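All remarks here apply to the structure that follows.
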Amino acid sequence: MSIQRLGRKWGRLKLPKLGWVRFRWSRSPKGTVRSVTVSRDGAYWYVSILCEDGQTTPRAHERSDSAVGIDRGVVVAVATSDGDLFNRTFHTPKEHECERRLRRRLSRQHKGSANRARTQAALSKLTGRVRARRADFAARTARVLCGQNAVVVLEKLHTTNMTRSAKGTVDAPGTHVRQKAGLNRAILARGWHGFKLAVVNAARRTGTQIVEVNPAYTSQTCHPCGHVAPENRESPSVFRCVVCGYRAHADVNAARNTRARGWTSPSG
């Protein structure tokens with residue numbers, strides 16, 4: 001595989017059957033090039049270069065006695081058992097409105113028309129920006145958490161099943177369809193699965209161990225006393241135990257329960 005740098009911003013590589021292809025030089029390849037993947041996202045083409053850099057996953061983390069529990073939520077994207085809240089706005093209100101208008105326009109245009117193609121290009125450009133922000137947030141947050149902890153405990157969430165439509169069938173129609181649709185959109189907007197992949201990828205460079213635990217009732221269980229009740233969850237962000245009175249951010253309490261299920265401190 002031949003790669004040449006043409007200047008400060010541009011380079012080129014030689015691909016089978018395509019010959020020399022110019023690309024925007026964003027990062028210098030490090031190590032031996034193993035493969036090149038060319039993909040398209042909306043109106044843009046991307047080239048991904050896989051390199052063998054000789055690095056291996058460390059046998060042990062620098063902080064072997066550290067662990068953190070993670071709760072992925074819809075109000076706050078990531079909450080930790082240490083009390084940290086990681087969040088970011090992926091969709092601005094203006095972009096929400098713009099996407100709504102584009103999707104409405106798209107539904108009224110004829111398939112194969114030039115106007116529909118322009119609308120699709122504009123929609124792809126907008127959603128591409130949102131995906132890029134979500135991926136950047138996941139990568140940055142995962143790098144921080146894996147850099148500070150030898151064990152990261154996650155809830156074992158099957159997001160594909162969780163975001164399945166509640167419409168049901170003609171013979172057996174679903175219930176609370178609109179509420180379920182809103183929850184599905186919120187889960188997908190937060191990128192729960194993408195965050196897990198980012199954590200697994202970051203752990204390869206730090207030696208962090210990834211543990212997944214059963215998520216049942218982590219949001220309803222009081223971490224200090226263990227009482228389980230739906231009434232403990234006052235609101236999406238407030239947890240108050242009806243027995244012992246323990247009060248905390250609801251997602252932080254869930255993250256602490258997640259950590260307790262997946263890791264026990266060596267000191268007891």
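Given R₀ = 22 Å, FRET efficiency for VAL38-ARG140 by Cβ-Cβ distance, to 0.05?
On the way: r = 26 Å, r/R0 = 1.19.
The calculated FRET efficiency here is 0.25.
Would you mind working out the magnitude of the charge dipole of the chain relative to its Cα centre, with +1 at each Lys and Arg C-beta and -1 at each Asp and Glu C-beta, to the nearest 20 Debye?
On the way: 49 positive and 18 negative charges, 413 e Å.
The calculation lands at about 1980 debye.
Counting other C-beta atoms within 10 Å, which of GLU231, GLU212 has the fewest, and how do the rest follow? Walk me through the numbers before you get to the answer.
Numbers: GLU231 11, GLU212 15.
So the ranking, lowest neighbour count to highest, is GLU231, GLU212.
If you take every residue apart from ARG129 with its C-beta less than 15 Å away from the C-beta of ARG129, what net charge results, scoring Lys and Arg +1 and Asp and Glu -1?
Around ARG129, the charge tally is +1.
Residue separation times 0.36 nm, minus the C-alpha to C-alpha distance between LYS125 and ALA189: what's the value? List each step's numbers first, then the result.
On the way: separation 64, 0.36 × 64 = 23.04 nm, distance 1.64 nm.
So the extension gain works out to 21.4 nm.
So what is the diffusion coefficient of the stretch 63-163 in µm² per second by Stokes-Einstein at 37 °C and 0.692 mPa s, using a Kirkwood Rh over Cα pairs? It would help to have the intermediate numbers written out before the result.
On the way: Rh = 16.4 Å.
In µm²/s, the coefficient rounds to 200.
Label points 7 Å out from Cα along the Cβ direction at THR57 and ARG12: separation in nm?
Here the modelled spin labels are 4.0 nm apart.
Could you work out [θ]222 nm for the chain from helices alone, using -39500 (n - 2.57) per DSSP H run of at least four and dividing by all its residues? Round to the nearest 500 deg cm²/dmol. Walk me through the numbers on the way to the answer.
Numbers: 6 runs with 97 residues, N = 268.
Counting only the DSSP helices, I get -12000 deg cm²/dmol.
With a Förster radius of 35 Å, plug the Cβ-Cβ distance of ARG24 and GLU231 into 1/(1 + (r/R0)^6) and report the FRET value to the nearest 0.05. Before the final figure, lay out each step's value.
On the way: r = 55 Å, r/R0 = 1.57.
Efficiency computed from Cβ-Cβ geometry: 0.05.
Which whole-number percent is the relative contact order of the stretch 67-262 (Cα, under 8 Å, 6+ apart)?
On the way: 277 pairs, mean separation 57.3, N = 196.
Result for the stretch 67-262 is 29 percent.
Quick one: order CYS98, CYS241 by neighbouring beta-carbon count within 10 Å, fewest to most. Mind showing how you got there, number by number?
Details: CYS98 15, CYS241 21.
Ranked by crowding around the Cβ, least crowded first: CYS98, CYS241.
Antiparallel as a % of all DSSP beta bridges within the stretch 67-262, to the nearest 5?
Working: 11 of 19 bridges.
Roughly 60 percent of the DSSP beta bridges within the stretch 67-262 come out antiparallel.
Could you tally the net charge around ILE3, taking each other residue with its Cβ under 9 Å from the Cβ of ILE3, Lys/Arg +1 and Asp/Glu -1? Could you put the intermediate results ahead of the total?
Details: positive: ARG5, ARG12, LYS14; negative: none.
Its environment carries a net charge of +3.
How big is the Rg/Rh ratio for the chain, C-alpha atoms only, Rh by Kirkwood, two decimals? Could you put the intermediate results ahead of the total?
Working: Rg = 22.8 Å, Rh = 21.9 Å.
Ratio of gyration radius to Kirkwood radius: 1.04.
Principal axis lengths of the stretch 3-52 from Cα atoms, whole Å, largest first?
Principal extents (Cα only, largest first): 30, 24, 19 Å.
With +1 on each Lys and Arg Cβ and -1 on each Asp and Glu Cβ, and nothing else charged, work out how big the dipole of the stretch 3-52 is about its Cα centre, in Debye to the nearest 20.
Values: 12 positive and 2 negative charges, 49 e Å.
Dipole about the Cα centre, nearest 20: 240 debye.
Which Cα, out of ALA121, ASN201, LEU157, lies furthest along the positive dipole direction of the chain (beta carbon charges, K/R +1, D/E -1)?
The Cα lying farthest towards the positive end belongs to ALA121.
Taking a cut-off of 15 Å, what percent of all Cα-Cα pairs in the stretch 185-268 are separated by more than that?
More than 15 Å apart: 65 percent of the Cα pairs in the stretch 185-268.
Most mobile of ALA79, ALA181, ALA255 per a Gaussian network model of the chain (Cα springs, under 10 Å)?
ALA181
Read-outs throughout are calculated quantities, based only on the coordinates presented, and are distinct from any laboratory measurement. Only a predicted model underlies this, so the values are computations on that prediction, with no experimental measurement involved. Glycine also receives a Cβ, built like all others from the backbone with ideal geometry; neighbour counts cover every protein chain displayed.
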